[in-house]
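Remarks on the structure that follows.
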Amino acid sequence: MSTGALLIVDVQNDFCPGGALAVPDGGRVVMPLNRYAAYFRQKGLPVMASRDWHPRESRHFKTNGGPWPEHCIQHTPGADFHPQLELPESAIILSKGMDELKDGYSVFEAQDAWHESFPDILKKLQVKTLFIGGLATEYCVRSTVLDALKNGFVVYVLDDAVRGIGEAACQGAMDAMTMAGAKKTTFMEIKQRGHQNV
């Protein structure tokens, strides 16, 4: 039997106001994501949370010729999840960006603490539908959504629980995701109308 799962993308201190690579209003995703997490947990459905988990030396960073300032370095406060993000104890934590030669935008490149890959976890849990929110819309959310669609998953983008760096880029990312087959939804829509996998 297939099931739905909640995927929270990169709601970490460095991507929130005051962080090294802050998304404007990034903290605003926390409250709606907490509602989603509690709802999915209540329904007995998987809750997963990804994190950038970069080594200190990475070509992802400007210091090594990459596009970004240093952020979400392993075992630093900036890499911690936002302190108000309420993940259930059963949440599956997925780490990505650990290869110093790769950017690691997509959660499909992530693995859990036991080195099991995200695709393998989804297969084991018989997940066919992903509900995806988090940061940032035009980077890691977009890459993850597009990879999920390419791999045959039904994807809902949580319109009330994503934020990005630039308004125009966010709209472009949302257009790209919906054109590829993703559907937009909100917490109220899920709660009021329901979905077959939630």
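Readers should treat all values here as calculations from the given coordinates under stated rules, not as data from a laboratory. Computed from a prediction, not measured in an experiment: that's the story for all the values here. Quick reminder, even Gly has a Cβ in these numbers, built from the backbone with ideal geometry, and neighbours come from all protein chains shown.
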Percent antiparallel among DSSP beta bridges (both partners in region 55-198, rounded to 5): 15 percent
Calculated from backbone phi, Karplus (6.51, -1.76, 1.60) coupling profile of region 152-163 in Hz, x at Gly/Pro: x, 7, 7, 10, 10, 8, 7, 4, 8, 9, 10, 9
Alpha carbon centroid spacing (whole Å) that separates region 87-159 from region 163-181: 18 Å
GluC sites (Glu not before Pro) restricted to region 99-198 and DSSP loop, no more than 16 other C-beta within 10 Å: Glu100, Glu116
GNM top mover of Gln42, Gln111, Gln74 - the chain, alpha-carbon springs below 10 Å: Gln42
Per-residue HN-Hα couplings for region 171-182 [Karplus 6.51, -1.76, 1.60; θ = phi - 60°; Hz; x = Gly/Pro]: 5, x, 5, 5, 4, 4, 5, 5, 5, 7, x, 6
Region 108-175: relative contact order in percent, alpha carbon pairs under 8 Å with at least 6 residues between: 32 percent
Dipole magnitude (debye, nearest 20) for region 39-128, charges at Cβ of Lys, Arg, Asp, Glu: 320 debye
Gain upon complete extension [Lys102, Lys128; 0.36 nm per residue less C-alpha separation]: 6.7 nm
Residue with peak Gaussian network fluctuation, the chain [Cα springs, cutoff 10 Å], from Ile73, Ile92, Ile121: Ile121
Cα-centre dipole for region 3-193 with unit charges at Cβ (Lys and Arg positive, Asp and Glu negative), debye to 20: 660 debye
Among Met177, Met188, Met31: highest mean-square fluctuation, GNM of the chain, C-alpha pairs under 10 Å: Met188
Sequence of Val11, Val29, Val198 once ranked by neighbouring C-beta atoms within 10 Å, starting from the fewest: Val198, Val11, Val29
Residues of type lysines that Lys102 reaches as a straight line, Cα spacing below 17 Å, ignoring anything fewer than 8 places off in the same chain: Lys62
Whole-angstrom Cα spans of the chain along principal axes, big to small: 48, 37, 32
